[in-house]
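Colleague: Can you keep this structure in mind? I'll have questions shortly.
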Amino acid sequence: MATPNSPLWEVFIRSRNGLAHKHVGSLHAADATLALQAARDIYTRRGEGLSIWVVPSSAITASDPSEKGMMFEPAESKIYRHPTFYDVPEEVGHM
Amino acid sequence: MYTQALNSSDGEDRFVEDATRAAAFQARIDADERIEPNDWMPAAYRKTLTRQISQHAHSEIVGMLPEGNWITRAPSLRRKAALLAKVQDECGHGLYLYAAAETLGSSREELVDAMLSGKSRYSSIFNYPTLTWADIGAIGWLVDGAAIMNQIPLCRCSYGPYARAMIRVCKEESFHQRQGFEIMLTLARGTEEQKAMAQNALDRWWWPVLMMFGPPDQASQHSDTSTKWKIKRFSNDELRQKFVDATVPQAEFLGLTIPDPGMTQDSEGHWRYSEIDWTEFKQVLAGNGPCNRDRLAARRKAHEEGAWVREAAAAYAAKRESRRTAQAAE
């Protein structure tokens, strides 16, 4: 009964014009054409999308969640990157 | 959509392999953080979830069989299109769930083979037959209604991929219940024969549906860890009571009688149902329900007869790949 494992694909869908493609899930398919068709059937049965990307899961390089502290530390300490860091007198109005 | 009865874990593997990491893990759960596939997790958490999610996936796939039985005999084109769409949804739900289960480290093929060999279970409700068209109404109204009760809390389950799959499933599920209720309503307002058919379906499905929520709380020794890990947010009996309280007024609206003459309403408004026959539940789980053999045989047949499609797709992909490699080498 055992069959060879088929490749895994990650599915991204653009739900509306002007929005980015967003990750919605994954699926198995032998090749890219079949992956696109399966993605349509599995993830867009109710008009959820205008466009689909399928990407082999093996092509994704991911950051290591256990090292997220070190990875994102540079941003943590730089509160001056946010507009609220700066004092603007109320009289100046909205800026 | 039918996991509550299946989410039991093995007693002996609930060891803690690394006290510090386990404590940090529990602290994350307690803080309502979501656990993601690459995060550290106790082996028993991984095992419990693999079992629960894969059995949930199997249930979706096997659940296509009793309803598929009526697609060609639906009474109108409208009903046929709706039932076909519902069965397609069940397939989609099975696939979301397999994908979620795979993130825990088992391959799709292993999971499917475990179901086909009978090693892994699916919900016992699908071992009952769909004898009349009214059964399609009863399944949508009651089986999917019970499933929704189970699944809504799972949208907040501690394991991220499972919770996200459940959110998608729940969004799609409410159409299933409404189409079932509409079938029941049409029959209940039809001729005497049609009404009798609806009543007969309710009579046959009521008790098996109550069993879908799993054994009573005092008999369910596995719930503690699942609750501690926030896989399970409500007990079997709590969910069962919620379902009964929601369903009794719906049955009244239909003008149908719930087959439990001993049912009474308590001072707080809860409907107290009679003792459930758990020997029947155990018999069906043990493989002796009305359709256990048929269901597995149908899945095996479909799997075997689809083998050439999987092989052809893999061979075609391999051929194209080798051609691409050869061209690149030129």
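What follows is calculated from the coordinates using simple rules that are stated; it is not laboratory data. Owing to the predicted nature of the structure, the values given are computational and were not obtained by experimental measurement. Cβ atoms come from the backbone with ideal geometry, glycine included; neighbour counts cover every protein chain shown.
Colleague: Compare the peptides A:10-18, A:78-86 by average per-residue count of other Cβ atoms within 10 angstrom and give them in order, highest first.
Modeller: A:10-18, A:78-86
Colleague: What net charge do the residues around B:THR186 carry, taking every other residue with its C-beta under 12 Å from that of B:THR186, with Lys and Arg at +1 and Asp and Glu at -1?
Modeller: +3
Colleague: Moving on. How high is the relative contact order of the range B:91-207, in percent, with contacts defined as C-alpha pairs under 8 Å that are six or more residues apart?
Modeller: Rounded, it is 30 percent for the range B:91-207.
Colleague: Now a separate question. Please compute the contact order of chain B in relative form: average sequence separation of alpha-carbon pairs under 8 Å and at least six residues apart, divided by the residue count, as a percent.
Modeller: 20
Colleague: Moving to a separate point now. Once phi is turned into θ = phi - 60°, what whole-Hz ³J(HN,Hα) does the Karplus curve with 6.51, -1.76 and 1.60 give for every residue of the range B:21-37, x standing for Gly and Pro?
Modeller: So the J values, rounded to whole Hz, are 5, 5, 5, 5, 4, 5, 5, 5, 4, 4, 7, 6, 7, 8, 8, 10, x.
Colleague: Between rounded, prolate and oblate, where does the protein assembly as shown land on the alpha carbon gyration tensor, with a ≥ b ≥ c its root eigenvalues, rounded for a/c under 1.5, else prolate if a/b exceeds b/c?
Modeller: prolate
Colleague: Looking only at the range B:24-53, which residues have a backbone nitrogen under 14 Å from a spot 7 Å from the Cα of A:MET71 in the C-beta direction?
Modeller: B:36-40
Colleague: Considering chain B as a Gaussian network with a 10 Å cut-off on Cα pairs, which listed residue, B:PHE253, B:PHE234, B:PHE181, attains the greatest mean-square fluctuation?
Modeller: Highest fluctuation of the listed residues: B:PHE253.
Colleague: Assign one of three labels to the range B:185-247, namely rounded, prolate or oblate, based on the Cα gyration tensor with a ≥ b ≥ c the square roots of its eigenvalues; rounded applies when a/c is under 1.5, prolate when it is not and a/b is larger than b/c, and oblate otherwise.
Modeller: Note, shape of the range B:185-247 comes out prolate.
Colleague: Let me ask something additional. Among B:LYS47, B:LYS228, B:LYS319, whose mean-square fluctuation peaks in a Gaussian network model of chain B (Cα, cutoff 10 Å)?
Modeller: The residue that fluctuates most here is B:LYS319.
Colleague: Here's something else I'd like to know. Compute the distance in nm between two label points, each set 7 Å from the Cα along the Cα-to-Cβ direction, one at B:SER174 and one at B:LYS282.
Modeller: Reported label-point gap for B:SER174 and B:LYS282 is 4.0 nm.
Colleague: Which whole-Hz ³J(HN,Hα) couplings does the range B:272-284 yield from phi under the Karplus relation 6.51 cos²θ - 1.76 cosθ + 1.60, θ = phi - 60°, glycine and proline marked x?
Modeller: Values per residue, Gly and Pro as x: 8, 8, 6, 4, 8, 7, 6, 5, 4, 4, 5, 4, 5 Hz.
Colleague: Next question, about the same structure. Just counting partner chain Cβ atoms within 10 Å, what average do the residues of peptide A:29-36 show around their Cβ?
Modeller: Rounded to a whole number, the mean comes out at 4.
Colleague: Just to confirm my numbers, what's the Cα centroid distance between the range B:34-75 and the range A:17-92 in Å?
Modeller: With the range B:34-75 and the range A:17-92 each reduced to a Cα centre, they are spaced 26 Å.
Colleague: Same structure again: What distance in nm lies between label points placed 7 Å from Cα along the C-beta direction at B:ALA24 and B:GLN218?
Modeller: Label-label distance for B:ALA24 and B:GLN218, simple model: 4.3 nm.
Colleague: Between B:ARG46 and B:ALA298, what is the label-point separation in nm under the 7 Å Cα-to-beta-carbon projection?
Modeller: Here the modelled spin labels are 3.6 nm apart.
Colleague: What FRET efficiency, computed as 1/(1 + (r/R0)^6) with R0 = 45 Å and r the Cβ-Cβ distance, is obtained for A:VAL88 and B:ALA328, rounded to the nearest 0.05?
Modeller: Efficiency computed from Cβ-Cβ geometry: 0.15.
Colleague: With a ≥ b ≥ c taken as the square roots of the eigenvalues of the C-alpha gyration tensor of chain B, please select rounded if a/c is under 1.5 and otherwise prolate if a/b is larger than b/c or oblate if it is not?
Modeller: oblate
Colleague: Right, something else. Efficiency by 1/(1 + (r/R0)^6): what FRET value for B:TYR316 and B:GLU33, r their Cβ-Cβ distance, R0 = 51 Å, to the nearest 0.05?
Modeller: 0.70
Colleague: Quick one: compute the contact order of the range B:208-287, relative version, from alpha carbon pairs under 8 angstrom and 6+ residues apart, as a percent.
Modeller: The normalised contact order for the range B:208-287 reaches 28 percent.
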